[in-house]
Amino acid sequence: MNSSITFAVSGACLLMALSTDVVRADESTIVLKPGDGLDIVEGNCAACHSLDLIQMNSPIQDEKGWTETVGKMVHVMGAPITEDDQKQIITYLSTNYSK
């Protein structure tokens, strides 16, 4: 009886693991526009959230908006982004993802 339960639980765990891989395989990968500072954006922003937030917010953001957003990430959310990286992120986002 114990071996039947062990086999059933093992099978269920295997199915769950396989189904998780299928879900991940269906997710699209966010590819941001090439440009100066892209590596800084990917390295800092993706550490805390998906990069699709950049694309989703681009229709409503301008340089002032991106400056405020990056400031909020650093000062409110606690993102450990250096001052130099903040400037590069804002420049990249303003150049490539502004309304």
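Net charge dipole, region 38-96: roughly 160 debye, given to the nearest 20, about the Cα centre with Cβ charges of +1 for Lys and Arg and -1 for Asp and Glu.
Distances over 19 Å make up what percent of all Cα-Cα pairs in region 38-96? Could you put the intermediate results ahead of the total?
Details: 258 of 1711 pairs.
So the portion of pairs separated by more than 19 Å is 15 percent.
Put simply, the amide H of ASP62, placed in the peptide plane, has neighbours under 5 Å in LYS99, leaving out anything fewer than 5 places away on its chain. Around the amide H of ALA79, modelled in the peptide plane, lie the amide H atoms of VAL74, all under 5 Å away and 5 or more residues distant in sequence or on another chain.
Taken together, the values in this text are just the output of simple stated rules run on the coordinates, not laboratory data. All figures in this text were calculated on a predicted structure; none of them were measured in a lab. When we count neighbours, we look across all protein chains shown, and the Cβ atoms used for this are built from the backbone with ideal geometry, even at glycine.
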